[in-house]
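Where a number appears in this text, it was derived from the coordinates with a stated rule and is not lab data. Since this is a predicted model, take the numbers as computed values, not measurements. Here the Cβ positions follow ideal geometry from the backbone for every residue, glycine too, while neighbour counts run over all protein chains shown.
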Protein chains: 2
Amino acid sequence: MSVLTGVFPVVPTTFREDGELDLDSQRRVIDFLVDAGSHGVCILANWSEQFALTDAEREQLTDVILEHVAGRLPVIVTTSHYSTRVAAARSKRAQDAGAAMVMVMPPYHGATIRVGETAILEHYAGVAAAVDVPILVQDAPMAGTPLPVSLLVRLAREVPAARYFKLENDAPPDKLRELIRVGGDAIEGPWDGEESITLIPDLEAGATGTMPGATCPEALVDVWETWHAGDREAAVTRFERLLPIISHENRMAGILASKVLLKEGGVIASDAGRHPLPSLTWATRARLIELARRLDLMVLTWAG
Amino acid sequence: MSVLTGVFPVVPTTFREDGELDLDSQRRVIDFLVDAGSHGVCILANWSEQFALTDAEREQLTDVILEHVAGRLPVIVTTSHYSTRVAAARSKRAQDAGAAMVMVMPPYHGATIRVGETAILEHYAGVAAAVDVPILVQDAPMAGTPLPVSLLVRLAREVPAARYFKLENDAPPDKLRELIRVGGDAIEGPWDGEESITLIPDLEAGATGTMPGATCPEALVDVWETWHAGDREAAVTRFERLLPIISHENRMAGILASKVLLKEGGVIASDAGRHPLPSLTWATRARLIELARRLDLMVLTWAG
């Protein structure tokens with residue numbers, strides 16, 4: 001089993017204007033991300049509006065996307081659920097469909113339902129017992145569950161499948177450095193997320209993977225490869241050119257950012273989120289497209 | 001269409017020790033709640049561990065329970081989902097299975113995903129467009145979404161199906177009084193919840209329904225009927241006798257309280273919650289059973 005590293009954009013879920021899944025657009029997003037040189041992709045993430053989907057739609061998207069990817073790159077499938085047995089069953093199903101890894105948040109529901117450290121460990125152990133692929137532990141604000149480094153390291157040691165960690169809370173580079181220092185070999189994949197907005201300090205801290213949105217994958221792959229070729233100064237310069245659009249996605253345009261650009265570039269038919277996800281204001285949308293044009297992003301030109 | 005009023009206990013979802021649904025126990029819980037004189041019941045609520053179920057299990061439970069109730073009392077089915085179209089589809093399905101009302105929280109997901117007032121109104125309008133039964137708007141801490149009286153009244157006026165309101169946030173009697181005063185005839189059902197712990201002041205404020213757990217339904221029905229027969233002093237006295245167990249359920253034993261007593265009384269086979277829901281400590285469990293014995297609750301004797 002090879003170690004997963006690199007730039008793994010989140011695949012947005014594409015809907016028609018009426019809210020139905022748009023599977024033709026969905027396949028074109030995959031082709032775009034493959035052509036952009038992505039090292040892998042992640043589906044059914046929060047940035048894919050996973051919380052707006054039915055169970056049946058999750059399964060359909062998993063099947064359709066993995067069939068269409070057809071081994072061109074590794075696919076991470078998000079399988080989080082409050083219930084351990086449901087998260088385990090979702091993970092097994094994703095693995096059977098061809099997932100290279102499953103991404104799992106700690107158990108949570110709404111504003112009030114959280115569980116303690118032992119239950120969190122048991123939850124990941126329950127998922128691990130159902131699959132052979134590794135687990136990417138998602139340390140995300142949405143779960144409202146603090147996952148201190150001590151707990152992450154205990155998890156990596158007690159549940160060996162849980163050896164990838166996507167850190168989105170706290171100050172990611174500091175937490176990555178601490179996780180790597182304390183966890184040692186048990187930490188196979190220290191990753192970041194949050195649209196890759198802290199990518200440079202995270203690379204300095206030792207990040208081996210990053211999970212951005214799907215707005216500028218080719219440019220982030222270029223930063224990644226420039227960095228790993230040893231030209232850190234050029235990587236920093238190129239990343240800082242991207243920072244206005246990454247920051248706009250992270251702080252303003254949010255979940256819909258990549259779909260707005262994919263629609264603008266003719267890759268997908270509609271940039272609709274599923275109600276009640278708020279649409280972008282005209283100002284946020286206009287600024288997003290202007291920033292993408294200034295960078296001549298591939299998302300605007302790929303469909304020709 | 002008759003107005004729904006009275007004591008509507010939440011039906012706990014019964015699992016086997018291995019986490020599978022236990023439908024035989026599920027049917028016995030229904031028979032117990034009918035024999036206890038409940039005016040109606042509510043299924044798939046948070047107190048039913050709805051957040052631990054798959055979509056398929058929600059549908060199976062709805063079908064099995066409504067078939068087993070067979071019109072003996074009105075059934076409220078909880079159909080909340082972040083996505084408006086999913087909540088609407090769940091509601092239509094519940095109505096077709098025989099639900100007398102659907103209970104719907106405002107859209108939310110996890111610690112961070114919330115929507116604004118207009119989107120909340122549109123969400124309920126979307127559900128209302130899919131069904132003919134009334135909607136019980138659940139104003140619950142879990143949703144992490146403030147629903148001020150001004151919004152609830154606007155909702156009742158703009159979406160006539162949304163005319164029942166279960167208030168669990170803020171100080172329920174004060175909010176009920178304000179809702180009734182401002183909303184007038186648009187508020188058909190001002191209800192409370194939270195294990196009926198504020199039932200007496202809520203009745204004084206004009207509550208027409210209450211949604212407790214399933215620990216002491218016969219005793220709460222007695223309080224309800226004594227109150228409505230005009231003997232308020234006796235109702236208060238009888239309610240205050242119940243307050244220790246209601247308070248223990250509300251503040252300590254929580255979601256598992258009714259299942260522990262149903263198991264103790266031989267009504268159901270297992271009191272297991274679905275992992276990772278924490279089990280009760282021995283002290284909390286022992287105190288719960290002691291409080292139930294002291295009151296000679298029907299849940300302990302019904303199965304004979």
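Here r is the Cβ-Cβ distance between A:GLU59 and B:SER270 and R0 is 22 Å; the resulting FRET efficiency, rounded to 0.05, is 0.15. Given 10 Å bins starting at zero, what is the percent of C-alpha pairs of the protein assembly as shown in each, up to the one with the largest pair distance? It works out to 3, 16, 25, 24, 17, 10, 4, 1, 0, in whole percents.
The length gained by stretching the chain between A:GLU240 and A:ASP185 to full extension, at 0.36 nm per residue less their Cα-Cα distance, is 16.6 nm.
Note that the range A:112-121 has calculated 3J(HN,Hα) couplings of 10, 8, 9, 10, x, 4, 4, 5, 5, 4 Hz, one per residue in order, obtained from phi through the Karplus relation 6.51 cos²θ - 1.76 cosθ + 1.60 (θ = phi - 60°); glycine and proline are x.
Rg and Dmax over the alpha-carbon atoms of the range B:32-132 stand at 14.0, 43 Å.
Dividing the summed helix terms, -39500 (n - 2.57) for each DSSP H run of n ≥ 4, by the number of residues in the protein assembly as shown produces a 222 nm estimate of -14000 deg cm²/dmol to the nearest 500. Ordered by the count of other Cβ atoms within 10 Å of each Cβ, fewest first, A:LYS259, B:LYS263, B:LYS175 give B:LYS263, B:LYS175, A:LYS259. With a simple spin-label model that places each label point 7 Å from the Cα along the Cα-to-Cβ direction, the separation between B:ASP132 and A:GLU225 comes to 6.3 nm.
If the segment from A:ARG72 to A:ARG293 were pulled out straight at 0.36 nm per residue, it would be longer than the present Cα-Cα gap by 76.7 nm.
Normalising the Debye intensity of the range B:160-286 to I(0), with uniform scatterers on Cα atoms only, and taking log10 at q = 0.13, 0.15, 0.17, 0.18 Å⁻¹ returns -0.61, -0.77, -0.92, -0.99.
Report the paramagnetic label zone for B:ASP96: residues of the range B:127-144 whose backbone N is under 16 Å from a point 7 Å from Cα along the Cα-to-Cβ axis. Only B:129-133 pass the distance filter.
Residue separation of B:ASP31 and B:GLU117 scaled by 0.36 nm, minus their Cα-Cα distance, works out to 26.9 nm of gained length.
Relative to the Cα centre, the charge distribution of the protein assembly as shown, modelled as +1 at Lys and Arg Cβ and -1 at Asp and Glu Cβ, gives a dipole magnitude of about 300 debye. Here the residues A:THR112, A:THR5, A:THR145, ranked from fewest to most Cβ neighbours within 10 Å of their Cβ, fall in the order A:THR112, A:THR5, A:THR145. Inter-copy label distances at A:LEU243, using a point 7 Å along Cα-to-Cβ, come to 6.0 nm with the shortest given first. Each copy carries B:ASP185; placing its label point 7 Å along the C-beta direction from Cα gives inter-copy distances of 7.8 nm, listed from smallest up. Bridging of B:LYS92 to aspartates and glutamates at a Cα separation below 12 Å is possible for B:GLU59, B:ASP132, once same-chain residues fewer than 8 apart are set aside.
With label points defined 7 Å past Cα in the direction of Cβ, position B:GLU225 shows copy-to-copy spacings of 7.8 nm, given to one decimal and shortest first. 3J(HN,Hα) couplings calculated from phi for the range A:294-304 with the Karplus curve 6.51 cos²θ - 1.76 cosθ + 1.60 (θ = phi - 60°) are, in sequence order, 4, 8, 6, 5, 4, 4, 8, 10, 4, 6, x Hz; Gly and Pro show x.
Taking label positions 7 Å along the Cα-Cβ direction at both A:ALA286 and B:SER279, the computed distance is 6.2 nm, reported to one decimal.
If R0 is taken as 41 Å, the Cβ-Cβ distance between A:SER2 and A:GLU233 corresponds to a FRET efficiency of 0.85. Distance to the A-onto-B rotation axis is smallest for one chain A Cβ; residue and value in angstrom are A:ASP55, 2.
Measuring between their Cα centroids, the range B:1-79 and the range B:279-304 lie 21 Å from each other. Ordered by the number of other Cβ atoms lying within 10 Å of each residue's own Cβ, fewest first, B:MET298, B:MET103 fall into the sequence B:MET298, B:MET103. Straight-line cross-link partners of B:LYS259 among the lysines, defined as a Cα under 24 Å from its Cα and at least 8 positions apart when in the same chain: B:LYS166.
Give the value in nm², to one decimal: projected area of the alpha carbon convex hull of the range B:6-215, averaged over all directions.
10.9
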